[in-house]
Amino acid sequence: MKLIHRLGLISLILILGGCFSMNGEQEKSLRMDTAEAKKDEYYARVQDYTGEEYTLPNGKKTGRIANDNKEIVDAAIKDFFLENYKTEVIVHNIVGNVDGATVFVESVGEPNFYSTAIIPIDVQNEKILTDQVWSLEGEVERGIITGLYALAYQEEFANLDQLLTGLAEAYGFTSKTIEAIENTSAAGYERVYYFVTGSRYQLEEIWKTYLEEPDMTHSDWREMFEVLEFDPDAIGFGLHLFMADENVEPSQEVLEAVVEAIEEADDIPNGSYGIHLHDNRINKRVADGNKENSISHSYPDYIIKE
């Protein structure tokens, strides 16, 4: 028994000794394996990401309650947008937050935009407070403005879409999926390569007119935008582009090619353009590509088109 005990003790010492005497390459390999595991936990290939993993802080319980009562939430949100913004919407995603649920929606038809509304929940009684729906200040108004801007300048927006699609094919970058946008975006008018923001105050007359006359034609809206003669910084374009291949760093050459193409284009919408280029990975929980290695041509050096 003593011999067996001694052999067992020697084996244990050898095993522990092996762990504590790893060479530098072994230690480096272990750190890399841990980093990769963490990366897979929090990040996904942007081409695969649909927004299903998107979360908000302290929203697990409220999210369950809201999704268990999806029909009630759906009806309350649709009523809220119709009553307050003269807009029919479809619900794409319901995500729990600390006091209720944030509901991601898209307008039906034109103007097209993405937004959210918040529906409070009585957690103790698991009750949906359908009469207390609200939206973040100015968010829906900005969405309406950008949707109407895209409606008024359809040809210019089509030119921008075509330009970016051609650049993506030529320089090997890609974008979020449309599913990710539907499930996580509240940016206003958005397409896979960019989203548009609008000044609620500089373009106040636009969204107020929409609430009074939502059925105006695109030519009417174009005339109204032109009469306002707004500053270029009243409309902002945020381009968030991703390298198409995995394990490839964002390329300065690619970024500069996009910057040059936007600067030289004379048939795209007026506004201020900020361009961001990320690697292939997107944070699953926040739907964001920004990381330490991301590169950009943005504030304070926006590209101004006017």
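Each value in this text was obtained by applying a stated rule to the coordinates, not by laboratory testing. Quick caveat: nothing in here was measured; it's all calculated off a predicted structure. Methodologically, a virtual Cβ is constructed for each residue, glycine included, from the backbone with ideal geometry; neighbour enumeration extends over all protein chains shown.
For the chain, DSSP calls about 85 percent of its internal beta bridges antiparallel. Helix 2-20: angle to the longest alpha-carbon principal axis of the chain, degrees 0 to 90, nearest 10? So the helix axis and the longest Cα principal axis differ by about 40 degrees. Between helix 218-228 and the chain there is an angle of about 90 degrees, using the helix long axis and the longest principal axis of the Cα atoms.
The mean sequence distance of close C-alpha pairs (under 8 Å, at least 6 residues apart), as a share of the length of region 148-306, puts its relative contact order at 25 percent. Here the contact order of region 35-150, divided by its residue count and restricted to Cα pairs under 8 Å and six or more residues apart, works out to 22 percent. The GluC sites (Glu not before Pro) found in region 126-214 that occupy coil by DSSP, while having at most 12 further C-beta atoms within 10 Å, are Glu137. If I take every Cα pair under 8 Å that is 6 or more residues apart in region 260-306, average their sequence separation and divide by the length, what percent do I get for the relative contact order? Contact order relative to length: 50 percent.
Of interest is the spacing of the C-alpha centroids, which for region 184-232 and region 237-276 amounts to 23 Å. Size of the chain from its Cα atoms: along the principal axes, largest to smallest, the extents are 95, 57, 28 Å. Karplus-derived 3J(HN,Hα) values for region 247-263, using 6.51 cos²θ - 1.76 cosθ + 1.60 with θ = phi - 60°, are 6, 10, 6, x, 9, 5, 4, 5, 4, 5, 5, 5, 4, 4, 5, 5, 4 Hz; glycine and proline are entered as x.
The phi-based Karplus calculation (6.51 cos²θ - 1.76 cosθ + 1.60; θ = phi - 60°) puts the 3J(HN,Hα) values of region 268-274 at 10, x, 5, x, 9, 10, x Hz, whole numbers, x for Gly and Pro. Measuring against 24 Å, Cα to Cα, the residue pairs Lys78/Lys208; Lys86/Lys284; Lys176/Lys291; Lys60/Lys284; Lys86/Lys127; Lys60/Lys86 contain Lys86/Lys284; Lys86/Lys127; Lys60/Lys86 as the ones spanning a longer distance.
Springs between Cα atoms under 10 Å define the GNM used for the chain, and in it the highest mean-square fluctuation of Gln202, Gln124, Gln154 occurs at Gln124. Close amide H partners of Val89, meaning residues 5 or more places away or on another chain with modelled amide H under 5 Å apart, are Val108. What is the distance in Å between the Cα centroid of region 122-164 and that of region 60-115? About 11 Å separates the Cα centre of region 122-164 from the one of region 60-115.
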